[in-house]
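Since the structure comes first, as C-alpha cells, the remarks are kept for the end.
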Amino acid sequence: MNYKSGIDPAPLKGHTNQDGICYRSVHKMEYSASVNTGNSINFHLKSKTMLSFRAHPLCNVFVGCILFFTLSCQNDHPMEQTELTISDVISDAVTTIYSEGREAEFANYTQEDVLQEFNDEEKMVLASKYWVFDINQKSEVYVCRSVDQDELPFWIPETGFQKTDMQVKNKFNTYEVWKKTYPAGRVELGINGFDRHNRVYFTIIRPLENQQPLVVEPVYPTHQIITPFHKGSYTYFDWDELVITELPDELTGATLLVTNRGRSREAHLMQDAFRTTDFPSSDTIDQILLTWSSDPKTTMDIGWRTSTDEKESTLRYWTPGSTDTAVINGQLTVLEDRMLANDRFNHRFRSQLTDLKPGITYQYQLSTPTHTSRTYEFMTDDGGDAFEFGWFGDVHSDPDWGKLVQKGDSLFPNIRFYIQSGDNVNTGLFRDDWDKTIGYSGDVFRSKPYMATPGNHDAQEGLPPTRYLEYLKYPHNGPAGKQPGLTYTFTYGNTQFFMMDCVSIPVEEQADWLEQELKDSDATFKIAAFHFSPFTPHEDYSDIKESWVPLFEKYGLDLVLTGHFHYYQRTKAYGADLNETGTPTYIMSVGTTYKNKERTTPQAHEVVYFRNHMFPHITVDGNRLEIVTYDRHFEELDRYVIEK
C-alpha cells in the first residue's frame, strides 16, 4: 500500500500550533491547509484526476470540473468571531483539566464521562460545528461511520439521524450508514468522537427533487473536495489508494464530501490523548539547532528554546581572538502542543546571522535575563571544492540514532553539515517527538547545520508538517506558490543540493522548478535528497519516475539520497548496471532500525544491506566524491566513488 501525502496507516495522535500558517499548493486543483490555536483545522487536498461534477457558480467554472474553492490565508472560520468553535471548546476544557490535575483520569473515560465536561452550549458546538455546508435543495444527508469505532458519536442519534441497513466498504473497513432529510439551507454536523479513531466518518448527499443540479457550498472547512460517489471513490484524500469496493445502489452517483483522517484529532480527549515529554522546557537554554535559510558562505540560522518565563533572549557572536562582538535579539515564537501535559507552551527563539565571512570559524553564546549558555562554534562554507558531510535516512526519534550521530561526529570531526531524507520524528505533530530527536543528538547540531526533507511521518493523515516548519528554517527558493521551506536548494562548495518534498507537495508540480534549477546549475556535483525511494520492489512511485527521474538523467544529477523502507540499497534506475557512468546512483539508507527484509529479494544490479542505524559519510574532493556507509559499530558496509 502506498501511503503518501504525509500519512501513515497507524492511528496517530497530534497537534498543531497557534501561528495561523497557511500552506498552499496545487494538484490538478487548488488545495490548502491552515492551522488555528492548538488545533488542526484545514488540510492539503490531493486529487490525481479531475472528476466530473457540476461546480458551484461562484467558482466560475463549468460542468466537468471538480468543485473546489480557491486558496486563502484568511480566517478559516467564516462564522462570527464571537461564536464558539470546536477548538475553543476543547482548548478551554483542556485548560480546566490541567488546572485541576485530572488529565490522567481521561485514559479510562468513556464518551459519556467526557460529555460531563461541557455545558449545553458547548455540547451544541461539538454537535454542529465540525462540518458545515449549504445545499440548494431538499436532500438526504448520509453519515458513513466505521463499525470499528468503539462508541457512536453522541450527536448522530440526538440530531435525528436514523440508522439504515446499508453498508459501505473499502479494503479494510466497513461503514454503517445513518441518514437524515434536510431542507435547502445549512447542514451542520458534529465531531468524529473524543477518541482517535482515524477512519473518520464521511458524508454523502443525495437530492430528493432532482429538478436542478445539486449545489453544495462549503462553509467549514472552507476547502473541500466534492465529487460523485461510486465504486473506486476514495473517501480520505490523504489515502487515495484506499477506495470504495462496495456501496448500495441508493448511494451510487450521489455526492461525496471527501475528508481526511487527521480530523480525528480535533476533539481527542480520551484514552491516550494526553502526553508528556521527557525533555520539558526550563529556564535553561536548550534545543539549539543550526540550519541554513540562505548562503552557507555568509549566513547561519540558529534556533533555541526556553520556558515561557523567558520573554527575551539574545545571541552574541564573534571570531576567536577578536574583541569585536555582535549582539542580536532572538525572534520569539510561542509553541503550543495542547495535549502535552507537562509542557503545553514553550518559547522558541531564532536568529539569522548575515554578512559573515566565508571559511571562518565563529563562536556564539545565547543569553536570557537569567541564564547564559556555553560557548559554541560553527564554520562558514569557504566555497572550495573539498569538504565532508553526513547523511541519514529515517530517524524516527530513535535514541540509538542519537548515539550514532554523536559517535560519528567524533570520528569524523571535519563533517561540516548533515543531510536527512525524511521521517525526522515518529509522529510529526507531537512536539515531544521533536524533543527526542533534538535531545538525543546532544551537541552535534549546535555546531553542524541539520538540512532535512519531510517524510510521511513528519506530515501525517492529510495535515501539514507544522512542527517541521517550526523547528527547521530552510531557504524559501523552492517552487513558486508552494509552502516555502519544504522543497529548496542550496550550494555548499562545488556541490548543489536539491532537497525535495515528495510528501506534502505534489511531485509533478515541482518538475518545472527542478528542471530550471538543474539547467542553471554549474556545480561539479548535483545531489538530490527526498524521502520515497523510487526503485525498490515495494512501491512504484510512478509520479517520481515520470516527473523527476527523466530530469535527473537529462541534466546529469549524480546522486539521489532517499529513505522510507528502512534498509540500505544502492542501485541505478530501472535495473541498469551499477558501473554505468553518467547516470544517477540511487542510495537508500536508515538511521533507525531496519525492516522489510522478508519482503525484499536483492537483485544482481543492486547492493543491499539489512542493518540497524547506518552512518553514510560523504567526502567531496575536487572532481571526486566518495560515500562510505558504516554500520552502528562503524564497520564499513559499502564504498562508492564518483569521479568527473
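The values are calculated or read from the model by the stated rules, or taken from the named source; none is laboratory data. The shown structure was predicted, so the numbers you read here are calculated from the model rather than taken from an experiment. All Cβ positions, even for glycine, are placed from backbone atoms using ideal geometry, and neighbour counts span all protein chains on display. All accessible areas refer to the heavy atoms of the entire protein, side chains included, with ligands and DNA or RNA removed. Shrake-Rupley method; radii C 1.70, N 1.55, O 1.52, S 1.80 Å.
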| message | I'm trying to understand the selection: among the residues of region 505-541, which are of a type in the set (A, V, I, L, M), open to solvent by 10 Å² or more (accessible area, probe 1.4 Å) and not in a loop (DSSP other than H, G, I, E, B)? | response | A511
| message | List the strands (runs of 3 or more DSSP E) inside region 244-317, counting only whole elements, that have at least 3 residues being open to solvent by less than 10 Å² (accessible area, probe 1.4 Å). | response | 255-257, 286-291, 300-306
| query | For region 451-470, how many residues meet the condition of being open to solvent by 10 Å² or more (accessible area, probe 1.4 Å) and outside any loop (DSSP other than H, G, I, E, B)? | reply | 2
| request: Check every one of the strands (runs of 3 or more DSSP E) wholly within region 322-385 and list those with 3 or more residues that are buried (at least 19 other Cβ atoms within 10 Å of the Cβ) and within 31 Å of the chain's Cα centre (by Cα). | output: 345-353
| query | Before we move on, is R431 over 18 Å from D278 (Cα atoms) and charged (D, E, K, R)? | reply | no
| Residue ID - nearest to D423 (Cα to Cα), chosen from residues in region 542-555 that are open to solvent by less than 10 Å² (accessible area, probe 1.4 Å) and assigned to a helix (DSSP H, G or I) | I544
| said: So in region 471-495, with the set limited to residues that are open to solvent by less than 20 Å² (accessible area, probe 1.4 Å) and assigned to a strand (DSSP E or B), which one is nearest to D238 (Cα to Cα)? | reply: Y488
| Pick from region 590-635 the residues that are of a type in the set (G, A, S) and under 18 Å from I415 (Cα atoms): which of them is surrounded by the most Cβ atoms within 10 Å (Cβ to Cβ)? | G591
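Rundown of residues vs (1) of a type in the set (D, E, K, R); (2) under 30 Å from Q496 (Cα atoms); (3) at pLDDT 95 or above, yes/no style:
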position: V258; (1), (2), (3): no, no, yes
position: H268; (1), (2), (3): no, no, yes
position: Q271; (1), (2), (3): no, no, no
position: R275; (1), (2), (3): yes, no, yes
position: P280; (1), (2), (3): no, no, yes
position: L289; (1), (2), (3): no, yes, yes
position: D295; (1), (2), (3): yes, yes, yes
position: T306; (1), (2), (3): no, no, yes
position: T319; (1), (2), (3): no, yes, yes
| said: I need the full set of residues from region 103-125 which are closer than 25 Å to T276 by Cβ, surrounded by fewer than 17 Cβ atoms within 10 Å (Cβ to Cβ) and of a type in the set (A, V, I, L, M), in order please. | reply: A104, A107
| said: Out of S128, S139, I need the residue that is open to solvent by less than 20 Å² (accessible area, probe 1.4 Å), more than 33 Å from the chain's Cα centre (by Cα) and touching a residue at least 12 places away in the same chain (Cβ under 8 Å). Which one? | reply: S139
| query | When you look at I642, is it in a strand (DSSP E or B) and under 24 Å from K407 (Cβ atoms), yes or no? | reply | no
| Just for region 155-192: of the residues that are closer than 22 Å to D240 by Cβ and aromatic (F, W, Y), which one is most open to solvent (accessible area, probe 1.4 Å)? | F172
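Conditions tested, residue by residue: (1) out of contact with any Leu (no Cβ under 9 Å at 6 or more places or on another chain); (2) at pLDDT below 95; (3) part of a helix (DSSP H, G or I).
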position: L557; (1), (2), (3): no, no, no
position: V560; (1), (2), (3): yes, no, no
position: Q569; (1), (2), (3): yes, no, no
position: E580; (1), (2), (3): yes, yes, no
| Check on G408, under 12 Å from the mean Cα position of the chain (by Cα), at pLDDT 95 or above and not in a strand (DSSP E or B) | no
| said: What pairs come out if I take residues in region 89-100 that are within 21 Å of A127 (Cα to Cα) and pair them with residues that are at pLDDT below 95 whose C-beta lies under 6 Å away, six or more apart or interchain? | reply: S91/G38
| message | Out of the residues in region 193-232 meeting the condition of being polar (S, T, N, Q) and either within 22 Å of the chain's Cα centre (by Cα) or open to solvent by less than 30 Å² (accessible area, probe 1.4 Å) (or both), tell me which one is nearest to I156 (Cα to Cα). | response | T203
| query | Being in contact with a Pro (Cβ under 7 Å, 6 or more places away or on another chain), buried (at least 21 other Cβ atoms within 10 Å of the Cβ) and under 23 Å from A452 (Cα atoms), is that true of even one residue in region 559-581? | reply | yes
